[in-house]
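Engineer: For reference, the structure I am asking about is given below.
The values are calculated or read from the model by the stated rules, or taken from the named source; none is laboratory data. All values reported here derive from a predicted model rather than from experimental measurement. Cβ: placed from backbone, ideal geometry, glycine included. Neighbour counts: every protein chain shown. Quick note on the areas: whole protein, heavy atoms, side chains included, nothing else; ligands and nucleic acids left out. Shrake-Rupley method; radii C 1.70, N 1.55, O 1.52, S 1.80 Å.
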Amino acid sequence: MDLQLGGKTALVLGASKGLGRAIAEALLAEGADVITVARSGDGVAGTQHILADLDDPAAPQAIIDAVRAGASSPDILVLNSGGPPTGAAASTTPADFAAVMGRMFNAQLTLAQAFLPEMRARGFGRILAVASTSLLTPIPGLVLSNAVRAMLASWCKTLAAEVAADGVTVNLLLPGQIATDRLTSLHTAMAAGSGMAPDQVTARSIAAIPAGRLGRPEEFGDIAAFLASPRAGFITGSAIKVDGGQTVTL
Ligand SMILES: NC(=O)c1ccc[n+]([C@@H]2O[C@H](COP(=O)([O-])OP(=O)(O)OC[C@H]3O[C@@H](n4cnc5c(N)ncnc54)[C@H](OP(=O)(O)O)[C@@H]3O)[C@@H](O)[C@H]2O)c1
């Protein structure tokens, strides 16, 4: 299937490694022009890489300026960032929430709102947010992730209906357990609190996945490239699980 991504420009946040990088690589392989954002790294070969810290309130405008300086206007925007720290609902404070809102919500909203008018005027746009299956089954000990992603998801769902008639789709991708540095650090943190070794935590996690293995970042990148493509024009306001069957709800 030709995904018809040639000539499209994608801006992918949180793309120096992990899921964001895999999405950038998949889009590039399908012929899109790709701009990546992260605090570090050189980006994927063949992309423009913007160094920015999404925790910095000034970062969204700096990213917009850098994109405009390259005379680009993204057709595809992938909203992604580093995950938040662990924490219990009973003890996580408003200050803890405020500390992650910049990269997990505010920056994503600002960038989407900046590029939406041009997407709507062109009659084509794709906004894809990387969330988590925790939207469906909140993960114990990860209240910041559970709650802030729910907020972004509701914003995406509301936006999807506002812009669908202009050819702009807004969807969520829900990773389950995909083998990235983030998953390794979560398993290490869980091990520290349980007396188990990190590889025992990983083995226990895999045992809960019907597919019997962790996901691969490139599998995640492929579904993102499809959703970002013109071929996926009738899918909007959806949340797609990529979890090897782990989530128990439909
Ligand atoms: N992997 C999974 O199984 C899984 C499951 C559920 C949800 N998720 C969520 O999906 C998202 C991506 O996960 P991942 O596994 O790809 O994580 P990852 O391997 O830790 O990669 C995170 C990416 O975001 C960038 N980043 C982190 N903080 C940033 C900041 N303040 N400003 C700009 N860029 C920043 C990192 O680059 P720099 O360090 O260079 O900035 C990196 O490129 C996270 O929100 C994660 O919680 C992942």
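Engineer: Has segment 159-180 got any residue that is within 13 Å of the ligand (Cβ to nearest atom) and among the hydroxyl-bearing types (Ser, Thr, Tyr)?
Structural biologist: Yes, segment 159-180 contains a residue that is within 13 Å of the ligand (Cβ to nearest atom) and among the hydroxyl-bearing types (Ser, Thr, Tyr).
Engineer: Report, by residue number, each residue of segment 154-180 that is farther than 22 Å from LEU19 by Cα, open to solvent by 30 Å² or more (accessible area, probe 1.4 Å), out of contact with any Lys or Arg (no Cβ under 9 Å at 6 or more places or on another chain) and not small (Gly, Ala, Ser).
Structural biologist: Answer for segment 154-180, where residues must be farther than 22 Å from LEU19 by Cα, open to solvent by 30 Å² or more (accessible area, probe 1.4 Å), out of contact with any Lys or Arg (no Cβ under 9 Å at 6 or more places or on another chain) and not small (Gly, Ala, Ser): THR158, GLU162.
Engineer: Sticking with this structure for a sec: Can you name the condition, by its number, that ALA62 falls short on among (1) touching a residue at least 40 places away in the same chain (Cβ under 8 Å); (2) in a helix (DSSP H, G or I)?
Structural biologist: (1) is the only condition that ALA62 fails.
Engineer: Looking only at segment 1-18, which residues are over 16 Å from ILE127 (Cβ atoms) and either of a type outside the set (Asp, Glu) or near the ligand (Cβ under 10 Å from one of its atoms) (or both)?
Structural biologist: Passing the criteria: MET1, LEU3, GLN4, GLY6, GLY7, SER16, LYS17, GLY18.
Engineer: Residues to consider are ALA26, ALA22; find the one that is more than 11 Å from ASN80 (Cβ to Cβ), open to solvent by less than 70 Å² (accessible area, probe 1.4 Å), in contact (Cβ under 8 Å) with a residue 60 or more places away in the chain and not β-branched (Val, Ile, Thr).
Structural biologist: ALA26
Engineer: Let me ask something else. Could you give me the residue pairs with C-beta distances under 7 Å whose first residue belongs to segment 69-81 and is within 18 Å of ALA232 (Cα to Cα) and in a loop (DSSP other than H, G, I, E, B), whose second residue is more than 10 Å from the ligand (Cβ to nearest atom) and open to solvent by 30 Å² or more (accessible area, probe 1.4 Å) wherever it lies, and which are 6+ apart or on separate chains?
Structural biologist: ASP75/LYS8
Engineer: To continue, here is another question. Provide a single number: the residues in segment 36-54 that are in contact with a Ser or Thr (Cβ under 8 Å, 6 or more places away or on another chain), of a type in the set (A, V, I, L, M) and either assigned to a strand (DSSP E or B) or closer than 10 Å to VAL12 by Cα (or both).
Structural biologist: The number of residues fulfilling the criteria is 3.
Engineer: When you scan segment 205-224, do you find a residue that is modelled with pLDDT of 95 or more, away from the ligand (no atom under 12 Å from the Cβ), closer than 22 Å to VAL44 by Cβ and out of contact with any helix residue (DSSP H, G or I) (no Cβ under 6 Å at 6 or more places or on another chain), even just one?
Structural biologist: yes
Engineer: Does VAL148 satisfy being modelled with pLDDT of 95 or more, over 19 Å from the mean Cα position of the chain (by Cα) and part of a helix (DSSP H, G or I)?
Structural biologist: Values: modelled with pLDDT of 95 or more: yes; over 19 Å from the mean Cα position of the chain (by Cα): no; part of a helix (DSSP H, G or I): yes.
Here the answer is no, as VAL148 does not meet what is asked.
Engineer: With respect to SER205, determine if the residue is over 19 Å from the mean Cα position of the chain (by Cα) and either surrounded by 13 or more Cβ atoms within 10 Å (Cβ to Cβ) or in contact (Cβ under 8 Å) with a residue 12 or more places away in the chain (or both).
Structural biologist: Yes: the conditions hold for SER205.
Engineer: Oh, and also: Going by what's in this entry, would ALA211 be described as small (Gly, Ala, Ser), open to solvent by 40 Å² or more (accessible area, probe 1.4 Å) and on the phi < 0 side of the Ramachandran plot?
Structural biologist: So ALA211 fits the description; yes.
Engineer: Residues to consider are THR86, THR47; find the one that is β-branched (Val, Ile, Thr), at pLDDT below 95 and more than 24 Å from PRO175 (Cα to Cα).
Structural biologist: On the way: THR86 fails: more than 24 Å from PRO175 (Cα to Cα).
Answer to the selection: THR47.
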